[in-house]
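Sharing a structure, written as structure tokens. Questions coming.
The values are calculated or read from the model by the stated rules, or taken from the named source; none is laboratory data. What you see is a predicted model, and the numbers here were worked out from it, not measured in a lab. In this analysis, Cβ positions are derived from the backbone assuming ideal geometry, glycine residues included, and neighbour counts consider all displayed protein chains. Heads up: the accessible areas ignore ligands, DNA and RNA and are worked out on the full protein's heavy atoms, side chains in. Shrake-Rupley method; radii C 1.70, N 1.55, O 1.52, S 1.80 Å.
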Amino acid sequence: MGMEVYVFGAGASAAEGAPVTEALFPRAWVLLGPSADRRVAAVWRFLEQVFGVRIRSAACFHHLPAVDEVISLVDWSLQTHQGLGHLYDPPRLHEIRRDLEYLVQVTLRAAVQRAADRRGGPHARLVRRLWARGLLKQVAFISLNYDTLLDNALARIGVMPDYGLNGGTRQEGPLLAKLHGSLNWALCPACGRVAAPENLQAVREATGPVSRCERCDNPRLRGLIIPPTLQKSYPGAGLQQVWDRALEAIQSASRITFVGYSMPPGDIPVYHLIRRGLLTRRRGGRPAIRVINHQRADLSPTQRRLERNALIGRFHRLFGPEVSFDFSGFHGQI
């Protein structure tokens, strides 16, 4: 029996209240406000000074770029060794870059905390249905999200996810390959080790990663997420092992289900991973491809039809005409 692979995009987490990229700044303002946190306040000050918009409410962000555009702008400035005006020379931009990454993490933690005590969300329903039918051992999860919704759903039924990190012993639970890092992971910049929860209690507590490296005793670990930017970089061998495990899953897949992920044209690393896996498969034939998405309620019927047709066309061009689509949204279907 082949592997069932689920690929989770931002739309899956949005079904449980996590903000999508274009809504992250206004959601951060609602959740964190002007904030006594100096690092969050530094981001608001940066946006005001660079873009000339006074931020007094969430509505102000309609006049500002989204977080991925801002981080991409900062990355380009650092890559070209050019500042952004008198106040933000490259050394200061390095600090802002870290503050932007921090803002993403604390916003997502605050957003998904409201779902932490809920047992009826779509991630939990999916995991419970797979478990009840004895299918978890034939499933692999690949996630582009940082949140711990899937981690917690598995932990609630007593299953430890296999994060595919550091070449360690593989867990009995299903692979949960988080390609862009996770809120409960940390990277040691000294030796490159990635720290993640190693038992169910640590997953359930969701208090964040350890504060000291177990390999080299470095106390200066940093959160490991690959923030939304047009120029993503993937540090160290730890994440490469996660990508390698994801490739193995694609190679063995009998069906690949994309949940809340539209395969955007700029996400070349993910498309390359999937295409490479399909071209080096260990079993004959092609896997079935299924797409679970939703129709935005804030669009007109014409706009929804255009968006839907664009998504269908993109997946047909990438995977051929035999792709099935479910536009009812993610509600835990298997």
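Take the eigenvalues of the Cα gyration tensor for the chain, scale each by 5, and report the square roots as semi-axes in whole Å, largest first.
32, 25, 20
Related question: Given the peptides 318-330, 300-312, arrange them by the average over their residues of other C-beta atoms within 10 Å, most packed first. Write out the running numbers ahead of the final one.
On the way: 318-330: 14.3, 300-312: 12.2.
The peptides rank, most packed first, as 318-330, 300-312.
Using a 7 Å offset from the Cα along the Cα-to-Cβ direction at both residue 244 and residue 62, what is the distance between the two label points in nm, to one decimal?
5.0
For segment 1-85, which trypsin sites (Lys or Arg not before Pro) pass both filters: DSSP loop (anything but H, G, I, E, B) and at most 11 other C-beta atoms within 10 Å?
Details: sites: 27, 38, 39, 45, 54, 56; in loops: 54, 56.
Filter output for segment 1-85: 54, 56.
Assuming R0 = 35 Å, can you tell me the calculated FRET efficiency for the pair residue 69 and residue 314, based on Cβ-Cβ distance, to the nearest 0.05?
E between residue 69 and residue 314, to the nearest 0.05, is 0.95.
Quick one: which residues, 5 or more positions from residue 143 or on another chain, have an amide H under 5 Å from its amide H? H modelled 1.01 Å from N in the peptide plane, none for Pro or chain starts.
Those lying under 5 Å, H to H, from residue 143 are 8, 177, 178, 179.
Tell me, what HN-Hα J-couplings in whole Hz come from the Karplus equation 6.51 cos²θ - 1.76 cosθ + 1.60 at θ = phi - 60° for each residue of segment 271-283, using x for Gly and Pro?
4, 4, 4, 5, 4, 4, x, 5, 7, 10, 5, 8, 10
What is the extension gain from residue 298 to residue 138, computed as 0.36 nm multiplied by their sequence separation minus the C-alpha to C-alpha distance, in nm to one decimal?
Here the answer is 53.9 nm.
For segment 64-106, taking Cα atoms only, what is the radius of gyration to one decimal and the Dmax to the nearest whole Å?
10.1, 29
Could you give me the ³J(HN,Hα) list for segment 299-313, computed from phi with Karplus coefficients 6.51, -1.76, 1.60 and θ = phi - 60°, whole Hz, x at Gly and Pro?
9, 6, x, 5, 5, 5, 5, 5, 5, 5, 5, 5, 5, 4, x
Please identify, among 51, 315, 141, the residue showing maximal mean-square fluctuation in a Gaussian network model of the chain using a 10 angstrom Cα cutoff.
51
I've got another one for you. Compute the distance in nm between two label points, each set 7 Å from the Cα along the Cα-to-Cβ direction, one at residue 271 and one at residue 113.
Placing both labels 7 Å along Cα→Cβ, they lie 3.8 nm apart.
Separate question: Residues in segment 1-42 near a label at residue 286, defined as backbone nitrogen under 19 Å from the 7 Å Cα→Cβ point?
Under cut-off, by backbone N: 2-7.
Just the isolated ones, please: cysteines in the chain lacking another cysteine beta carbon under 4.7 angstrom.
60
While we're here: Once you compute Rg and the Kirkwood Rh from C-alpha atoms, what is the Rg to Rh ratio for segment 78-202? Each step should come with its number before you reach the end.
Numbers: Rg = 18.1 Å, Rh = 16.7 Å.
Using Cα coordinates only, the ratio equals 1.08.
Tell me, what % of the accessible area of segment 23-63 is carbon and sulfur with a 1.4 angstrom probe?
On the way: 1180 of 2210 Å².
Exposed carbon and sulfur together represent 53 percent of the surface.
Quick check on the chain: helices-only [θ] at 222 nm, where DSSP H runs of length 4 and up contribute -39,500 (n - 2.57) each and the sum goes over total residues. Nearest 500, please.
It comes out at -13000 deg cm²/dmol, rounded to the nearest 500.
Could you work out the Rg to Rh ratio of segment 1-97, with Rh taken as the Kirkwood radius (inverse of the mean 1/r over all Cα pairs)? Walk me through the numbers before you get to the answer.
Details: Rg = 16.5 Å, Rh = 15.2 Å.
Checking Rg against Rh, the ratio lands at 1.09.
Applying 1/(1 + (r/R0)^6) with R0 = 45 Å to the Cβ-Cβ distance of residue 54 and residue 255, what FRET efficiency is obtained, to the nearest 0.05?
Working from the Cβ atoms, E equals 0.35.
Next question. Rolling a 1.4 angstrom probe over the protein heavy atoms, how many square angstrom per residue are accessible across the chain?
Numbers: 16070 Å² over 334 residues.
Here the per-residue accessible area is 48 Å².
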